[in-house]
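S.K.: Here you go, one structure.
Nothing in this text is a laboratory measurement; each read-out follows from the coordinates by a stated rule. Predicted, not measured: the structure shown is a model, and the values here were computed from it. When we count neighbours, we look across all protein chains shown, and the Cβ atoms used for this are built from the backbone with ideal geometry, even at glycine.
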Amino acid sequence: MSELSQQCRELLYRMMWQTPEGVVDAFALCATREEARRLFYSAISLLSGIHEDELELFNLESFDDLVNAGVSSDEDARIFETQWNGARVIGWTTRPLFLTPDPTLIARWANLRADLAAAQANSVISRISGRGY
């Protein structure tokens with residue numbers, strides 16, 4: 001399992017971006033919350049062609065915010081949690097926008113997606129096996 005860099009642990013911010021196709025989770029490394037806010041607005045505006053005043057951005061959260069709000073036993077995975085039902089994660093980042101080249105962040109997301117796909121496949125196999133097919 002990939003581990004996040006110390007830089008991610010200290011500088012990571014996530015902000016949600018509502019698009020017509022659904023929510024995008026944007027990630028960036030910034031020294032302050034205000035710097036992160038400015039980066040998200042300017043970068044997403046540039047990428048989308050939508051004026052900053054018209055963007056639907058919400059939930060600016062730091063690494064610590066995300067870890068403290070999350071419930072996964074793997075604290076690094078908590079940065080990708082998006083929905084919960086009690087102590088169970090029911091939503092994960094599915095549409096990330098990485099505004100950083102930090103390879104540990106991208107690798108951690110890829111590992112998480114692989115783990116979730118394997119768990120889903122195992123669940124299907126178990127159900128099929130239990131029915132005698």
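S.K.: Mean residue ellipticity at 222 nm from the helices of the chain, using -39,500 (n - 2.57) per DSSP H segment of n ≥ 4 over the full residue count, to the nearest 500 deg cm²/dmol?
M.R.: Result for the chain: -14000 deg cm²/dmol, rounded to the nearest 500.
S.K.: OK, next. Run through the range 31-133 and list the GluC sites (Glu not before Pro) located in a DSSP loop whose Cβ has at most 16 other Cβ atoms within 10 Å.
M.R.: Glu56
S.K.: For the residue pair His51 and Gln6, what label-to-label distance in nm results when each label sits 7 Å from Cα along the Cα-to-beta-carbon direction?
M.R.: 4.5 nm
S.K.: Given [x] 53; [y] 48; [z] 43, which label gives percent of Cα pairs over 19 Å apart as computed from the coordinates?
M.R.: [x]
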